[in-house]
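Following: one structure in structure tokens, then a few remarks.
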Amino acid sequence: MIKPHLTFLRQLMGDPWVDANVFGENPPHLLGQWQKKDQNNPWVPYTEELVRSILTSEKTKLDRAALTLKLDGEYVSTLAEMESAVFLEQQGFSFVLEPAAPEKGPDLRVDWEEIPYFVEVRAVGDSEEDDRFNSRSREIFS
């Protein structure tokens, strides 16, 4: 198996995290599960590219510790935030990831012509209510 090096993901998350969570025997992280299932999956290199864009952009400010925690714990929603940040940066905005960190707040602050805009990003998917409803329905019908 040829492992991608993941230079920028390693810079952000650290070698031990990448080795255990992406390339480990039984990886607990979704990235590692995709990597184990298919070495040619698009998500691992895509995540690496998003991290590269964020870490190397001159228009980016971020709390690395906050991004690290979010990427470790809330990967899918954090991926959506990272995608939005990179897209907005490509459109000419400068941005701050997790501008209120360590406190709760908006996911992004994007600036255009010195005017700040606060952005909350949501990943598409079922709500917690949908999950609860589906769980109860399965329980009732079984």
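The values are calculated or read from the model by the stated rules, or taken from the named source; none is laboratory data. Fair warning: this is a prediction, and the values are worked out from it, not measured in the lab. Cβ placement follows ideal geometry from the backbone for every residue including glycine, while neighbour counts extend to all protein chains displayed.
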For this session: Identify the single condition in (1) under 15 Å from the mean Cα position of the chain (by Cα); (2) in a strand (DSSP E or B); (3) over 19 Å from R122 (Cβ atoms) that V96 does not satisfy, given that it satisfies every other one.
Result: (3)
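Among the residues of segment 76-93, what is the count of those that are of a type in the set (A, V, I, L, M), over 13 Å from E120 (Cβ atoms), buried (at least 18 other Cβ atoms within 10 Å of the Cβ) and touching a helix residue (DSSP H, G or I) at 6+ places or on another chain (Cβ under 8 Å)? So that I can check it myself, show each step before the final result.
To start, the set of residues in segment 76-93 that are of a type in the set (A, V, I, L, M) comprises 76, 79-80, 82, 85-86, 88.
Then keep just the ones that are over 13 Å from E120 (Cβ atoms); that gives 76, 79, 82, 86, 88.
Going one step further and asking which of them are buried (at least 18 other Cβ atoms within 10 Å of the Cβ), we end up with 79, 82, 86, 88.
Next, from what is left, pick out any that are touching a helix residue (DSSP H, G or I) at 6+ places or on another chain (Cβ under 8 Å): 79, 82, 86.
Total satisfying the criteria: 3.
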For this session: Tell me, yes or no, whether segment 39-58 has at least one residue that is of a type in the set (K, R) and out of contact with any helix residue (DSSP H, G or I) (no Cβ under 9 Å at 6 or more places or on another chain).
Result: no
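Go over the candidates L31, L71, L6 one by one and state the one that is at pLDDT 90 or above and at positive phi. It would help to see each step written out before you state the result.
Details: L31 fails: at positive phi; L71 fails: at positive phi.
Among L31, L71, L6, only L6 is at pLDDT 90 or above and at positive phi.
Can S84 be described as among the small types (G, A, S), modelled with pLDDT under 95 and out of contact with any Asp or Glu (no Cβ under 6 Å at 6 or more places or on another chain)? Spell out how you get there, then give the answer.
Working: among the small types (G, A, S): yes; modelled with pLDDT under 95: yes; out of contact with any Asp or Glu (no Cβ under 6 Å at 6 or more places or on another chain): yes.
Yes: the conditions hold for S84.
Please verify whether T78 is free of Cβ contacts under 8 Å to residues at least 40 places away in the same chain and of a type in the set (S, T, Y), treating the condition exactly as stated.
Values: free of Cβ contacts under 8 Å to residues at least 40 places away in the same chain: yes; of a type in the set (S, T, Y): yes.
Considered against the rule, which asks whether it is free of Cβ contacts under 8 Å to residues at least 40 places away in the same chain and of a type in the set (S, T, Y), T78 comes out as yes.
Residues checked against (1) surrounded by fewer than 17 Cβ atoms within 10 Å (Cβ to Cβ); (2) within 18 Å of V121 (Cβ to Cβ); (3) aromatic (F, W, Y); (4) touching a residue at least 12 places away in the same chain (Cβ under 8 Å):
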{"site": "L12", "(1), (2), (3), (4)": "no, no, no, yes"}
{"site": "Q35", "(1), (2), (3), (4)": "no, no, no, yes"}
{"site": "N40", "(1), (2), (3), (4)": "yes, no, no, no"}
{"site": "T47", "(1), (2), (3), (4)": "no, yes, no, yes"}
{"site": "V51", "(1), (2), (3), (4)": "no, yes, no, yes"}
{"site": "I54", "(1), (2), (3), (4)": "no, yes, no, yes"}
{"site": "E58", "(1), (2), (3), (4)": "yes, no, no, no"}
{"site": "L62", "(1), (2), (3), (4)": "no, yes, no, yes"}
{"site": "E74", "(1), (2), (3), (4)": "yes, yes, no, no"}
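Kindly indicate whether V86 is touching a Leu at 6+ places or on another chain (Cβ under 7 Å), under 22 Å from F23 (Cα atoms) and aliphatic (A, V, I, L, M). It would help to see each step written out before you state the result.
Working: touching a Leu at 6+ places or on another chain (Cβ under 7 Å): yes; under 22 Å from F23 (Cα atoms): no; aliphatic (A, V, I, L, M): yes.
Considered against the rule, which asks whether it is touching a Leu at 6+ places or on another chain (Cβ under 7 Å), under 22 Å from F23 (Cα atoms) and aliphatic (A, V, I, L, M), V86 comes out as no.
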For this session: Look at V124 and say whether it is of a type in the set (V, I, T), within 22 Å of Y75 (Cβ to Cβ) and modelled with pLDDT under 85.
Result: yes
Exercise. Are any of the residues in segment 43-50 acidic (D, E) and outside any helix (DSSP H, G or I)?
Worked result: no
Seminar exercise, completed: All-but-one check, N26 against (1) in contact (Cβ under 8 Å) with a residue 40 or more places away in the chain; (2) exposed (fewer than 14 other Cβ atoms within 10 Å of the Cβ), failing number (1)
